[in-house]
1. Enumerate the amide H contacts of TYR159 below 5 Å, restricted to partners 5 or more residues apart or on another chain; note that Pro and chain-start residues carry no placed amide H.
2. Counting only heavy atoms of the protein chains, get the accessible area per residue of the stretch 103-243 (1.4 Å probe) and round it to a whole Å² value.
3. If I take all pairs of Cα atoms in the stretch 34-157, what percentage of them are more than 27 Å from each other?
4. Using a 1.4 Å probe, how large is the accessible area of PHE222, given in Å² and rounded to the nearest 10?
5. By the scheme Lys and Arg +1, Asp and Glu -1, what is the net charge of all other residues having a beta-carbon under 14 Å from that of GLU204?
6. Return the whole-Å distance between the Cα centroid of the stretch 76-104 and the Cα centroid of the stretch 204-223.
7. Short version: ³J(HN,Hα) in whole Hz for each residue of the stretch 36-49, in order, from phi by Karplus 6.51 cos²θ - 1.76 cosθ + 1.60 (θ = phi - 60°), x for Gly and Pro, what are they?
8. Which of rounded, prolate, oblate describes the stretch 107-243, given a ≥ b ≥ c as roots of the alpha-carbon gyration tensor eigenvalues and a/c under 1.5 marking rounded, otherwise prolate only if a/b is larger than b/c?
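The values are calculated or read from the model by the stated rules, or taken from the named source; none is laboratory data. All values reported here derive from a predicted model rather than from experimental measurement. Glycine gets a Cβ as well: all are built from the backbone with ideal geometry, and neighbour counts include every protein chain shown. Ligands, DNA and RNA are stripped out before the accessible areas are found, and what is left, the full protein with its side chains, is counted by its heavy atoms. Shrake-Rupley method; radii C 1.70, N 1.55, O 1.52, S 1.80 Å.
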Amino acid sequence: MTDKYDAIFSGVIGQDYELLNLICPLATKMSRLVGDAVSDYAAHTTGNLTVVELGGGTGITTLSLLTASDKLNILSIDNEPVMQEQAKKHLHKWATEGRLAFCGDDALTALKNIATGSVDIVASAYTLHNFLDTYRNEVIQEVFRILTPGGRFINGDRYGLDDVSKHTRTVQDEVSGYFKVLTQINKLDVLEHWIVHLFSDESENHVMRESVALKQLRDAGFSSITLSHRLEVNALVTATKPD
C-alpha cells in the first residue's frame, strides 16, 4: 500500500483500520483490491453506477469503494448495528453528499428487496465466507438477479485452498501470526475473538472452498469468472452477468 492510501484510511477510519492492518494486513490489501477492481470497471463505463456492498462493517471496504471513483452511488448493507454505526460516523461526509446510504437488514433480506437488473456492481470483502453454505448460495443467486446485464460481482475474501493439507498449514501459520502480533500489544481479548471466529470460518458448513465457490457462481449463471491475487487463503474473485 502506498503511504497516501494508508494516510487516507488511517485519517478516516482511524484505529479500526490501524488495528486490522496490524493483525491481518492481507485483509486491508483485499479491501484495496476490491476498490481497484471497481475503479477499473468504472473507468470503462459512462454515467453514474449503482453499487451494493455486502457487509460494510466499520467502513474500511466502503471507503475503498468511495475513493475508487466519483461515479458511484453506494448502498452499504450490514446487519451488525454497532459496526454500522461506526461506519456512519466515519463516512458521514459521503452520506451527506448523497453518495452513500446504509441498510441494516441481513444480506439476503436486503437483496430480495432490490429490483431485478437494477445494480451495476455488487462488491464485498470478507463477508460471504461468514455465511452458512446454503445461505451463501441463496445470496449468490440474488446477486445475479439484481445485477444489470454486464454487471459485475467483485469479492475479496477467504477462498479456501482445494489442497486441504496446504490450506491447513496456511491457517496454522495465520494463527501463529495472530498470537505473535496480539500478545506483543497485549490485546488478548482481540486474540480470543479472532481465534473463536476462525473456528467458525473453518467449519465444514462455512468454509468457502475455491472450486466449490467458483462452481456456485457458474451455476448461478455468471460468466468471465476469475480468481486472482491469491494471498494465502485470501483471493479476489470477479464474475460478470452475461449481456
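1. ASN234, ALA235
2. 48 Å²
3. 8 percent
4. 10 Å²
5. Local charge sum for GLU204: -1.
6. Taking the Cα centre of the stretch 204-223 as reference, the centre of the stretch 76-104 is 29 Å away.
7. Each residue of the stretch 36-49 in turn: 5, 5, 5, 4, 5, 5, 4, 5, 9, 10, 10, x, 6, 10 Hz.
8. prolate
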